[in-house]
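Okay, so here's the structure we're looking at.
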């Protein structure tokens, strides 16, 4: 809470750093903006903005473009934009069916990306790390030879300790307490921080910053795949819990007399809404994977009753669980991602019906349920956003003594 | 995010205000502390601390006491303490069975308090407001005639819109969309802010600052009474949701094939763990109230099987619901308040058993479940804490031009 240390000079340095952070964050989230708009938005003087933007230009994080006239009176104001190529991050994802990589520039421009299929099932850490390192090398080979990412973000379908990148539990991979972050940092050998997080938490972050939850400060992102995960944003900040394990909404007991869950409990929410139970109800093999899900959707589009009934039942349980979470979290928006964005057209009515029936009227009337807009790449884009966070929090730490961009030492 | 406006002078003013806030907050939460300890804790210089404390002394918020020698070398350092009597708040509570009032001084000293019984059942807003105004008058008559509270905090067993103090839903009172905050502000006529919140949210705040959850940043407070409410603290900040309705954990669907709930849904958590179902299982009238709860506890202490079985069943469902919340929130501590702190000795084993069985191992091993330590008064003390928050956030706004404490205008 204390903001200054030791000297008045350092105190105003604190304010300058916070202002640099606010400007870079705004440019990152909203795109290019004129200097006049920055003045209006920040309430700082023209000269203060000129000085702050000047620091960022000297550090090659920002460029100013020819003045644009906006149709308003007065002198035209230079347009301030981030230089995406001068601060890039590497994003990686371990999904159930695929591995993915992206190089993303500051401001959110995806400069290059690739997704490759992976066979479902248990995997050795070394195999996954080796495959991810190959993907990373492939991504880097598409970029200038002297470019080093400023950070690496990794999403994984599992619960992850944020402190050390330890994957505590990933049933799809068969992992318990696996040191993914450390091993990946060694294998990539980039000397930059490697941050690891749960894929649903990252999907939430991406949809919050750039997708269906933009503009809302309290959101719940629900990610369906084999399992069901959640990402929760409270008052603009991710709810991660004390160790990063928060958001495991798939393991709320919702039908304690119901089916056994992979986690060892009985009647968890994912036993009623996950991919396996949808496929079983629709008459497909539980382990049919995305091909079987596509078949169910095709059946439903063709009006086949078994598929429609299966979707309705999943929609009913989806609504029941969401009602509880709406009561607990009072969110503005619920974003359905992964499997749930695919089935949204078939289940939306049932979800709304259960919310009407089971959520308290006051939070119910304030919430809307929408499908994700970033599709399957939401967790990958969220991994990139996570990797930008240290730079967004304190861009001044990245500006060298003469303004040149410097690398943070790996933690 | 932007911290300065317009001029460098105002920027350093921003830092000064933040530092004053940090000092007052520390004194409020930790008690008296020597000036040397403030220097060590803040990292500010001795002269900066002397100046900041001097402002607070001039404003009569703080006093310095004779230097104390701590057994360490060097000059003894003056002890800095808050002047509790110079910034008092009025706390009010509308519980199911009682109304309560307290006058609390800065630092958390309860200067006077009273709790009066109230008949259960629906109540008119005007009756409750009139009773609370009488209690407030009675509290003020015990204090110096020229003392005006700096704020009023009100706890109510219902879900409350934080913005305007509207009670959206309070089934015990029979209230839907009742403007408690506005009416109470009129009736008290104190020209200070009247903040209204849910009693479980306030219980969480009190246990977090002064009770069983002290020292933990991620907590879940579970309050049992006729209904079941929750207060959630995420990374040191209350989870209130977009309108203050968050934390309604009593209305998570947990047994959708179960009992009808007062909220209109079926199988909410409170239908399996609330007072009514405990009494029914133990062979007492559902509406027997606290006398019947006492009888169940006496039966259990005497080893009567029906009471013990009833408590075990409530404990089992308590553990099932907590397992889900531990998975969603990854809290450090779960605090059981109200009814649940009373029954804790009889249900603790079952709760732990269900957590072992149903919570994911990673968050499970990090959480402890403890009874509340502030007892029945936790929500009342939390109401006082809420009323202090504007002062804690910006004490400088309360210091007049010549340092005299000034009243905030009511919002």
Review point. Which one of these does residue B:62 not meet: (1) out of contact with any strand residue (DSSP E or B) (no Cβ under 7 Å at 6 or more places or on another chain); (2) free of Cβ contacts under 8 Å to residues at least 40 places away in the same chain; (3) not assigned by TED's automatic domain parsing to the domain that holds residue B:173?
Key: (1)
Check your understanding: Which residues, counting only those in the range B:30-45, are farther than 18 Å from residue B:60 by Cα and in contact (Cβ under 8 Å) with a residue 60 or more places away in the chain?
Key -> none
Revision key, fill the gap. Of the residues in the range A:146-168, those that are surrounded by 24 or more Cβ atoms within 10 Å (Cβ to Cβ) and in a strand (DSSP E or B) come to A:152, A:153, A:154, A:155, A:156, A:159, A:160, A:167
Check your understanding: Is at least one residue of the range A:392-401 buried (at least 24 other Cβ atoms within 10 Å of the Cβ) and either modelled with pLDDT under 95 or within 14 Å of chain B (Cβ to nearest Cβ) (or both)?
Key -> yes
Check your understanding: Which members of the range B:233-246 meet the condition of being touching a residue at least 12 places away in the same chain (Cβ under 8 Å), more than 16 Å from residue B:217 (Cα to Cα) and facing chain A (nearest Cβ under 7 Å)?
Key -> B:243, B:245, B:246
**Study point:** Filter result for the condition that a residue is assigned by TED's automatic domain parsing to the domain that holds residue A:384 and either free of Cβ contacts under 8 Å to residues at least 60 places away in the same chain or at positive phi (or both), over A:179, A:193
**Key:** A:179
Review point. Before we move on, is residue B:229 within 15 Å of the chain's Cα centre (by Cα) and farther than 24 Å from residue B:263 by Cβ?
Key: no
Check your understanding: Would you call residue B:119 in the same structural domain as residue B:173 (by TED's automatic domain parsing), in a loop (DSSP other than H, G, I, E, B) and under 28 Å from residue B:291 (Cα atoms)?
Key -> yes
Revision key, fill the gap. Checking B:266, B:314 in turn, the sole residue that is surrounded by 19 or more Cβ atoms within 10 Å (Cβ to Cβ) and either assigned by TED's automatic domain parsing to the domain that holds residue B:220 or touching a helix residue (DSSP H, G or I) at 6+ places or on another chain (Cβ under 6 Å) (or both) turns out to be B:314
Practice item. Filter the range A:365-381 down to the residues that are closer than 27 Å to residue B:252 by Cα and within 25 Å of the chain's Cα centre (by Cα), then identify the one that is surrounded by the most Cβ atoms within 10 Å (Cβ to Cβ). Key: A:372
**Study point:** Filter result for residue A:95 (at pLDDT below 95 and under 21 Å from the mean Cα position of the chain (by Cα))
**Key:** yes
Review point. In the range A:317-346, which residues are facing another protein chain (nearest Cβ under 7 Å), in a helix (DSSP H, G or I) and in contact (Cβ under 8 Å) with a residue 60 or more places away in the chain?
Key: A:320, A:324, A:329
Check your understanding: Just to be sure, is residue B:185 within 14 Å of chain A (Cβ to nearest Cβ), part of a helix (DSSP H, G or I) and surrounded by 20 or more Cβ atoms within 10 Å (Cβ to Cβ)?
Key -> no
Check your understanding: Is one or more of the residues making up the range B:274-283 more than 30 Å from residue B:236 (Cα to Cα) and not in a helix (DSSP H, G or I)?
Key -> yes
Practice item. Report whether or not residue B:202 is away from every other protein chain (no Cβ under 14 Å), crowded, with 23+ Cβ neighbours inside 10 Å and within 22 Å of residue B:388 (Cβ to Cβ). Key: yes
Practice item. Would you check if there is a residue in the range A:208-217 being within 13 Å of chain B (Cβ to nearest Cβ) and assigned to a strand (DSSP E or B)? Key: no
Revision key, fill the gap. For residue B:130, the lone unmet condition from (1) in a helix (DSSP H, G or I); (2) closer than 24 Å to residue B:227 by Cα is (2)
Practice item. Tally the residues that are surrounded by fewer than 24 Cβ atoms within 10 Å (Cβ to Cβ), within 14 Å of chain A (Cβ to nearest Cβ) and part of a helix (DSSP H, G or I), restricting the search to the range B:347-364. Key: 8
Review point. (1) within 28 Å of residue B:192 (Cβ to Cβ); (2) surrounded by fewer than 18 Cβ atoms within 10 Å (Cβ to Cβ); (3) at pLDDT below 90: which one isn't true of residue B:74, the others all being true?
Key: (1)
Review point. Does residue B:119 fit the bill of being free of Cβ contacts under 8 Å to residues at least 60 places away in the same chain and crowded, with 17+ Cβ neighbours inside 10 Å?
Key: no
Point to revise | Meets criteria (modelled with pLDDT of 95 or more and assigned to a loop (DSSP other than H, G, I, E, B)) for residue A:244 | key: no
Practice item. Tally the residues that are within 7 Å of chain A (Cβ to nearest Cβ), touching a residue at least 40 places away in the same chain (Cβ under 8 Å) and not in a loop (DSSP other than H, G, I, E, B), restricting the search to the range B:247-273. Key: 1
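The values are calculated or read from the model by the stated rules, or taken from the named source; none is laboratory data. Not measured: the values here are computed from a predicted model. Positions of Cβ are backbone-derived with ideal geometry, glycine not excepted, and every protein chain shown enters the neighbour counts.
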